[in-house]
Each structure stands twice: as C-alpha cells, then as structure tokens.
Amino acid sequence: MKKLAVSILVLALFLVAAPVHAQDTSLSLRMNRDFGHAGFGNDIEGLFSLIAEGPANLQRVEFYIDAALIATDDETPFRVQFTTKDHAPGEHRIYAIGYPASGAPLHSNEITRTFLSAEESRGKIVQLLGPLLGIVFGLILLTTVVPALLIRKRPERGKYGLSGGAICPHCALPFPLKFFSFNMGAKKLDRCPHCGKWVMVRRASPAALAEAEARWAAQDTPSGAAPRRSHEDEQIDNSRYEN
C-alpha cells in the first residue's frame, strides 16, 4: 500500500513538472509595431520589432522572414527591428530559431503577415477614414444646413426658447439658437435668419439681447415717418369742410 502511494505521488509530480519543463525549453516570438500601419487583419506597413523569449540558457537567436535570415542577436533581450519596405509586398512567414547553451535548436511560433507598399497603406487608410469622415459631415448637414434651409421663419423679438439667444456678428441683430445647432467648443455654428450668413456665436446675456432688440426695433421703424393720425382728428378735419 505504501509503495502504491509513493508511485502515485511520483506520477503526479511528473505530470505537473512535464508542462513546466516543456515551457522552459520553448521559444516564443512576438511582434510590436514601432511606426507605421497595422490595420485590421494581417496587413502591415512600416517599422516593426521582433522579440524572442526562451529558456535561461538561450545564447543566440536568428530571425527569419520566409527563408531569409534578416538578423541575429546574441544578447538578451533578443530583439531586432525590420521595415517592410525592404521586402516585397505580399504574404510572409516570420519566425525565429534559438540556440541554447546545450541541446537542440528551438523553433519559435510562426507569424504570418501581409506586407503592404506605402501606396497600398495610404489606400487602406483612406478606405478606413473615408466612411468615418462621410458620417461626420453627414451629421453636420443634418444638424445645421438642412434645418436652416427648411426653417426660414423670421424670429420674433424677445422669444428665444430653451437654448437662449445669440447676436449675429455681421448684422448685430438677435436670433434664437437652435437646439440642434452644431457645437464647436464654447461656440455654436448657426445661421442668422436676418442676414442669412453662417456665424460662430455663443449664448448672449439678457442685457446684450435687450440692446440688440432695441437696434432691431429701430430698423423696423423708418426714420422721418409721419405719425399716424387718430380717428378723432380726421373727424374734426372733415367737419371743417362741412361748415
């Protein structure tokens, strides 16, 4: 019974130690982007680093792209750089071979990437950013230009709504800010209903709006216009001619 227990214990220790031993004698390879493009999928372009990690007795690592040796490093950390422009565009296999102080050479995992030319990389970026820019400009049109073209109602003095009022820097007249005006930091992009120009404005104070309303009222009242005569004055003038 005692021998059976010892055998089970030895077997358990072997099973636990076996993966650790395999892990200690393996060589792993990873790639980091230093500068350039690494988009969705396996497409890359630019400057990259290859880092190999292995057992403590690892003395030298050779780095390969396909069957070509691109660099050798005999000091830890085992790291080299490469640029995709030194290789033909297309799919490539990247791997490393490590040489420990004793034992057989170690082969790393393979990394498969598609190298792009500079022109192809720019095209990929345009394909990625084009739809995003289209969405941004579409939102600007929906929130500013389209409502301004559809809503041409002349504003009423003293009525500004929840968004408050602003003063046009061109015509100096007040107008209500639209709720869906496009925010540009502390200011909003809106269209003045008086002069029709697009302006960058901020919400005005009640005192500034009152002053602008006075200017608006003065513009609506023509200078030198004769005061309107009352109905009683007209009856008096008519009675003079009757006598």
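Points to keep in mind about this one:
- Filter result (assigned to a loop (DSSP other than H, G, I, E, B) and at pLDDT below 60) within region 1-36: M1
- Taking the criterion of being touching a Ser or Thr at 6+ places or on another chain (Cβ under 9 Å), within 28 Å of S117 (Cβ to Cβ) and not hydrophobic (A, V, I, L, M, F, W, C), the residues of region 58-89 that qualify are E62, R79, Q81, T84, K85, P89.
- The number of residues in region 65-77 that are surrounded by 16 or more Cβ atoms within 10 Å (Cβ to Cβ) and in contact with a Lys or Arg (Cβ under 8 Å, 6 or more places away or on another chain) comes to 2.
- Leading residue by the ranking (surrounded by the most Cβ atoms within 10 Å (Cβ to Cβ)) among those in region 37-59 that are at pLDDT below 95 and part of a strand (DSSP E or B): E45
- Total residues in region 94-127 satisfying the condition of being touching a Phe, Trp or Tyr at 6+ places or on another chain (Cβ under 8 Å) and under 22 Å from F48 (Cα atoms): the figure is 10.
- Matching entry among P206, P176, P193, P222 (being at pLDDT 85 or above and either loosely packed, with under 13 Cβ neighbours inside 10 Å or among the hydroxyl-bearing types (S, T, Y) (or both)): P206
- Strands (runs of 3 or more DSSP E) contained in region 60-133 and holding at least 1 residues acidic (D, E) and touching a residue at least 60 places away in the same chain (Cβ under 8 Å): none
The values are calculated or read from the model by the stated rules, or taken from the named source; none is laboratory data. Since this is a predicted model, take the numbers as computed values, not measurements. FYI the Cβ positions are ideal-geometry reconstructions off the backbone, even for glycines, and counts take in every protein chain you see.
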